[in-house]
1. Tell me, what is the FRET efficiency for Thr35 and Arg5 to the nearest 0.05, using R0 = 25 angstrom and their Cβ-Cβ distance as r?
2. Please report, as a whole percent, how much of the solvent-accessible surface of segment 56-145 comes from carbon and sulfur atoms (probe radius 1.4 Å).
3. Using only C-alpha atoms and all pairs of different ones, pull out the Kirkwood radius for the chain in Å with one decimal.
4. Angle between the Cα long axis of helix 76-87 and the longest principal axis of the chain, 0 to 90 degrees, nearest 10?
5. Given the Cα-Cα distance of Arg103 and Ser75 and 0.36 nm per residue of separation, how much length would full extension add, in nm?
6. Let me check I've understood the local charge: for Ala102, count other residues with C-beta under 9 angstrom from its C-beta, Lys and Arg +1, Asp and Glu -1. What total comes out?
7. How much net charge surrounds Cys81 when only the other residues with a Cβ under 15 Å from the Cβ of Cys81 are counted, with Lys and Arg +1 and Asp and Glu -1?
8. Taking the highest mean first, how do the peptides 46-56, 114-124, 80-90 order by number of other beta carbon atoms within 10 angstrom per residue?
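The values are calculated or read from the model by the stated rules, or taken from the named source; none is laboratory data. Given the structure is predicted, the values throughout are model-derived calculations rather than measurements. When we count neighbours, we look across all protein chains shown, and the Cβ atoms used for this are built from the backbone with ideal geometry, even at glycine. The accessibility values were calculated without ligands, DNA or RNA, using every heavy atom of the protein model including side chains. Shrake-Rupley method; radii C 1.70, N 1.55, O 1.52, S 1.80 Å.
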Amino acid sequence: MGQLRIEGYASLFWKADLNDDIAAAGAFADSLIRTGPTGVRMLYQHDTRQPIGVWDQVFEDQTGLFVRGRILDLSAEARLCSALIKAGALDGLSIGFRTQAARPDESGRLRVLTRIDLWEVSLVTFPMLPQARLQGFEVLQDQAA
């Protein structure tokens, strides 16, 4: 059985998504303190029926919400995701969340998310925030001797 380590930005601060939402720096902090990375599920296309892996690290940096995890070779969906990532056909990331606090921006057109309850980060074909993408992947070799 093999695993694929992946990493990238699931959200970028101060960038408007296709739904006119903007994540403010610090918006994920309370949620991540409460749950840590183990409380954030890794899904494919936001399908809650079958998680495809685990997020080992989920944290905010100066750019946005960075994630690093492993796709586990335990289901057909996980194997499909790994193959699509390796082929360059899948690289989008998307967050599943509940808004805890938000305000309008100065223009009144955009919603600034100031506190987000993060539930999951999915691998997706078309992310709501087009810049939310995988930055890289690595095939992990089996540890069996």
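1. Calculated transfer efficiency: 0.75.
2. Of all accessible area on segment 56-145, carbon and sulfur atoms account for 52 percent.
3. By the Kirkwood definition, the hydrodynamic radius is 15.5 Å.
4. That helix lies at roughly 80 degrees to the long axis.
5. 6.0 nm
6. Neighbour charge sum, excluding Ala102 itself: +2.
7. Net charge around Cys81: 0.
8. Ranked by mean Cβ neighbours within 10 Å, highest first: 114-124, 46-56, 80-90.
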